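**Student:** Sharing a structure, written as structure tokens. Questions coming.
The values are calculated or read from the model by the stated rules, or taken from the named source; none is laboratory data. None of these values were measured; they are calculated from a predicted model. Glycine also receives a Cβ, built like all others from the backbone with ideal geometry; neighbour counts cover every protein chain displayed.
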Amino acid sequence: MAANAPAYRAARPIPARRRLAFRLLDDRNVLGLVLILPAASFLLVFLAYPLGLGFWLGMTDAKIGEPGRFIGFGNFLSLAHDEVFWLSVFNTLLYTVVASALKFALGLYLALLLNRRLPLKSLVRAVVLLPFVTPTVLSAIAFWWIYDPQFSIISWSLIKLGVIHQYIDFLGSPWNARWSVIAANVWRGIPFVAITLLAGLQTISPSLYEAATLDGAGPWQRFRFVTLPMLSPIIAVVMTFSVLLTFTDFQLIYAITRGGPINATQLMATLSYQRAITEGRLGEGAAIADAMVPFLLAAILFSYFGLQRRRWQQGSRD
Amino acid sequence: MLGITRRRVLQSGGAAGLLLLPGGAARAATAWNGPAPEAGASIRVLRWKQFIQAEFDAFVANTKKFSEQTGVKVRVDAESWDDIRPKSAVAANVGAGPDIIFGTLDDPFKFPEKLLDVTDVAEYLGDKYGGWYPVARKYGVHDKRWIALPHGATGGCMNYRISTMHAAGFDEFPKDTAGFLKLCQGLKKAGKPPGFALGHATGDANGWCQWCLWAFGGKTVDDNNNVAIDSPETVAALEYAKQLYQTYIDGVLSWLDPSNNKAFLADQISLTLNGISIYTVAKNSPDPALKAIAGDMDHANMPIGPVGRPTEQQNILSTYAYAYTKYPNAVREYLRFMWEKPQVDYWETQSNGYIAPPLPAWNDNPVWTVDPKVTPFRDVLKLALDDGYSGSLGYASAAVMGDFVVVDMFAEACTGNKSPKDAAHDAAERVKRYYSV
């Protein structure tokens, strides 16, 4: 049997259709397409379709339980006259810009500290990660208590220390509330920035610092001309993610303020939820979510082009 | 089975009603003669998740009794209020899901044509138990037919400290808004101020803001759903609220629903609007400090404003069934059974008066009078207006409430962020977005 097998195989001609398939698969481009198909289908079904549906819903007057009808840009035109929507845009931009900048500055500072020789280095690094691994809702509820006008631990401590004489109204005025929720977001977001930048710092060869030192560079110059350029690609990725996550934040706000007081902490994400789910106006809620896309796209493009530019990565000016 | 026929159940229910109702002889003629449940019927009930386990257990026990007596299988699922709202709308749209929903407020008015007509059950119950309160009728009737059966309300009342009220110079809780303002000013002087939520607190903030708006004759929309909030009456309500706000404890602008419970139980405020939960927690606590608060607190219905009649806003529980149900007779029979007094009495007793009755004949349950501090909660539906007052209920009324338009208007005026006139004007612009669609 074994001796006959090759002859048997040879005796059977490969059908023309299979020959064509083999020939196509020999083509690198076709094979590439075939191999990418499962992943592409996954993305199409779970990412592109919901996104497309979101855009479609934003152009309808759909309510929960009702498919609605196509109204074009009706929702957007209506939102253009909605002062709460514009307030939410302002709040979102302020929240994102301030929180992201603070997270970057403090995260980078923490990463530089953690990159030094520290006693119990691993333990310290694990502790730094704690705010990030705590479920957002839990940390939000903790902040809700920390900021409570009657029970705040911060106010209580300051009163006991004789620094203040009455409780701080963290969430009781629009600007206080804005800064308070930004602080909560920064506390939660720093570990992500710090740990990722720390990973980046550890890839920088010590020989570069030695060479810079031999050339007479001080600490600031080593940071400016060695650390920062080498870290730029990581910074681009981290800050893109940080901006995206901050821009779309929902849980912190929802648990701490529900968007109040007087919509002072209402973000686009929370307003979208409120309109779509609480009020049942899916179309309008989707339109608010759609309005977030240009901002998110801008952040992604910034990162994409940043990463593509080798000279920029290397710290040179274009 | 227990050998009890449907006819015997109806007879016993009728007899109970006859005994319990004032003027029972006149109502003796009220008898349910709806069709018997379909053979082999099986229905699904989706209700709000319990806050008091004993309440849910009593509800399930009543349901089990119904199944034993009729042979109709009933499955009861419970979910949070927030989840019931979208699920009920989706069920209405796709024509599949639970047969009956125990939900809240104006939800059934978003899809009235998809609901089972329960006029016969509602009229039977109304006739038998003294007539539905006007606000209950408003939450049940659409286009002259009953699309929902009000089940009661998780009522809110003024919770106050008796000793501080005395210290403020009041022997009893004021009945009008002028006296109420003086009381609040007195409480502040006495060192334990009032506190009413002005943040995005769905229950508590809407509760007192809507009350205040209506008490001065303001309203979101008129009878024909024309936007009417930008009015001198609204401005008067806001001017009044501004004075009230001066007396409040700091921080109410950020208060959510649990905040006033915490502050009251921590002995920091002496007056707030809340359900019976503060009292229940304090009364049942082993902590002597909380027990002392329970002993020193009482409840009152909300004061009456210049309009001269009660204007409370309450969280009304509304039950509705879908027209797609395969067993409409079983559904109607189940609803009737659960609304009959023997079942209601057992349920109310177990839940310790958590749900205020929508029908006057349910009021004689001892649970409302054994502890006089509970009694004001019994009457809240007698005194309440509906959320869409004085227009119709539906998506627009729900959206205005969900978007905190009235609460934000009060917060803006109270804090001086906007003048009362500007706050009313801007609120009108927001309301128009919903009512112009």
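**Student:** Which of the following residues is of a type in the set (Val, Ile, Thr) and either part of a loop (DSSP other than H, G, I, E, B) or outside the structural domain of residue B:414 (by TED's automatic domain parsing) (or both): B:234, B:280, B:202?
**Tutor:** B:202 is the lone residue from the list that is of a type in the set (Val, Ile, Thr) and either part of a loop (DSSP other than H, G, I, E, B) or outside the structural domain of residue B:414 (by TED's automatic domain parsing) (or both).
**Student:** While we're here: Only one of A:99, A:111, A:140, A:126 is modelled with pLDDT under 90, surrounded by 16 or more Cβ atoms within 10 Å (Cβ to Cβ) and of a type outside the set (S, T, N, Q). Can you tell me which?
**Tutor:** The unique qualifying residue is A:140.
**Student:** Another question about this same structure. Has the range B:320-329 got any residue that is within 20 Å of the chain's Cα centre (by Cα), at pLDDT 95 or above and not charged (D, E, K, R)?
**Tutor:** Scanning the range B:320-329 turns up at least one residue that is within 20 Å of the chain's Cα centre (by Cα), at pLDDT 95 or above and not charged (D, E, K, R).
**Student:** Continuing with the same structure: Any chance you could count how many residues in the range A:245-254 are part of a loop (DSSP other than H, G, I, E, B) and crowded, with 19+ Cβ neighbours inside 10 Å?
**Tutor:** Matching residues across the range A:245-254 total 1.
**Student:** Right, something else. So is residue B:87 among the basic types (Lys, Arg) and touching a Gly at 6+ places or on another chain (Cβ under 9 Å) or not?
**Tutor:** Here the answer is yes, as residue B:87 does meet what is asked.
**Student:** Still on this structure, please answer the following. Assess whether residue B:173 counts as being surrounded by 22 or more Cβ atoms within 10 Å (Cβ to Cβ) and outside any strand (DSSP E or B).
**Tutor:** No.
**Student:** Provide a single number: the residues in the range B:397-413 that are assigned to a helix (DSSP H, G or I), under 19 Å from the mean Cα position of the chain (by Cα) and not hydroxyl-bearing (Ser, Thr, Tyr).
**Tutor:** 7
**Student:** I've got another one for you. Quick check on residue B:388: is it within 23 Å of the chain's Cα centre (by Cα), more than 10 Å from every other protein chain (Cβ to nearest Cβ), within 15 Å of residue B:218 (Cβ to Cβ) and assigned to a loop (DSSP other than H, G, I, E, B)?
**Tutor:** The answer is yes for residue B:388.
**Student:** Cβ-Cβ under 8 Å, sequence separation 6+ or interchain: first residue in the range B:387-407 and among the polar types (S, T, N, Q), partner assigned to a helix (DSSP H, G or I). Which pairs?
**Tutor:** Close Cβ pairs (under 8 Å, with a partner that is assigned to a helix (DSSP H, G or I)) amount to B:392/B:109; B:397/B:109.
**Student:** Another question about this same structure. Within the range A:224-244, does at least one residue satisfy the condition of being surrounded by fewer than 18 Cβ atoms within 10 Å (Cβ to Cβ) and outside any helix (DSSP H, G or I)?
**Tutor:** Within the range A:224-244, not a single residue is surrounded by fewer than 18 Cβ atoms within 10 Å (Cβ to Cβ) and outside any helix (DSSP H, G or I).
**Student:** Would you point out the residue of the range A:54-84, among those that are in a strand (DSSP E or B) and either surrounded by 18 or more Cβ atoms within 10 Å (Cβ to Cβ) or assigned by TED's automatic domain parsing to the domain that holds residue A:270 (or both), that is modelled with the lowest pLDDT?
**Tutor:** Top of the filtered list is A:66.
**Student:** Looking at (1) at pLDDT 90 or above; (2) within 25 Å of residue A:199 (Cα to Cα); (3) surrounded by 17 or more Cβ atoms within 10 Å (Cβ to Cβ), can you tell me which one residue A:209 breaks?
**Tutor:** Unmet for residue A:209, out of (1) at pLDDT 90 or above; (2) within 25 Å of residue A:199 (Cα to Cα); (3) surrounded by 17 or more Cβ atoms within 10 Å (Cβ to Cβ): (3).
**Student:** Can you pull out every residue in the range B:91-126 that is modelled with pLDDT under 95, part of a loop (DSSP other than H, G, I, E, B) and within 27 Å of residue B:313 (Cα to Cα)?
**Tutor:** B:105, B:106, B:111
**Student:** Which numbered condition trips up residue B:395, out of (1) within 13 Å of chain A (Cβ to nearest Cβ); (2) buried (at least 24 other Cβ atoms within 10 Å of the Cβ); (3) on the phi < 0 side of the Ramachandran plot?
**Tutor:** The one condition residue B:395 does not meet is (2).
**Student:** Continuing with the same structure: Which of (1) within 22 Å of residue B:34 (Cβ to Cβ); (2) in contact (Cβ under 8 Å) with a residue 60 or more places away in the chain does residue B:73 not meet, given it meets every other one?
**Tutor:** (2) is the only condition that residue B:73 fails.
**Student:** Here is a further query. Being in contact (Cβ under 8 Å) with a residue 60 or more places away in the chain and surrounded by 15 or more Cβ atoms within 10 Å (Cβ to Cβ) is the filter here; which residues of the range B:89-104 pass it?
**Tutor:** B:91, B:92, B:97, B:98, B:99, B:100, B:101, B:102, B:103, B:104 - these are the residues of the range B:89-104 that are in contact (Cβ under 8 Å) with a residue 60 or more places away in the chain and surrounded by 15 or more Cβ atoms within 10 Å (Cβ to Cβ).
**Student:** Of (1) within 16 Å of residue B:414 (Cα to Cα); (2) assigned to a helix (DSSP H, G or I), residue B:164 satisfies all except one. Which?
**Tutor:** The number of the failed condition is (1).
**Student:** Here is a list of conditions, (1) in contact (Cβ under 8 Å) with a residue 12 or more places away in the chain; (2) in a loop (DSSP other than H, G, I, E, B), and residue B:361 meets all of them except one; can you say which number that is?
**Tutor:** That leaves (2) as the condition not met.
**Student:** Cβ-Cβ under 8 Å, sequence separation 6+ or interchain: first residue in the range B:263-286 and of a type in the set (Asp, Glu), partner part of a loop (DSSP other than H, G, I, E, B) and surrounded by 17 or more Cβ atoms within 10 Å (Cβ to Cβ). Which pairs?
**Tutor:** Short answer, once both residue conditions are applied: B:267/B:192.
**Student:** I would also like to ask the following. Does residue B:266 qualify as being within 14 Å of chain A (Cβ to nearest Cβ) and under 25 Å from residue A:258 (Cβ atoms)?
**Tutor:** yes
**Student:** Please specify each residue of the range B:425-434 satisfying the condition of being more than 9 Å from chain A (Cβ to nearest Cβ) and either closer than 19 Å to residue B:217 by Cβ or out of contact with any strand residue (DSSP E or B) (no Cβ under 7 Å at 6 or more places or on another chain) (or both).
**Tutor:** If the condition is that a residue be more than 9 Å from chain A (Cβ to nearest Cβ) and either closer than 19 Å to residue B:217 by Cβ or out of contact with any strand residue (DSSP E or B) (no Cβ under 7 Å at 6 or more places or on another chain) (or both), then B:425, B:427, B:428, B:431 are the ones that fit.
**Student:** Which ones in the range A:177-205 are within 14 Å of another protein chain (Cβ to nearest Cβ) and buried (at least 20 other Cβ atoms within 10 Å of the Cβ)?
**Tutor:** A:177, A:180, A:181, A:184
**Student:** Taking the range B:414-424, which residues are outside any loop (DSSP other than H, G, I, E, B), within 11 Å of another protein chain (Cβ to nearest Cβ) and either under 14 Å from residue B:231 (Cβ atoms) or modelled with pLDDT under 95 (or both)?
**Tutor:** Residues satisfying the conditions are B:415, B:423.
**Student:** Looking only at the range A:148-173, how many residues end up being crowded, with 20+ Cβ neighbours inside 10 Å, in a helix (DSSP H, G or I) and not hydroxyl-bearing (Ser, Thr, Tyr)?
**Tutor:** 0
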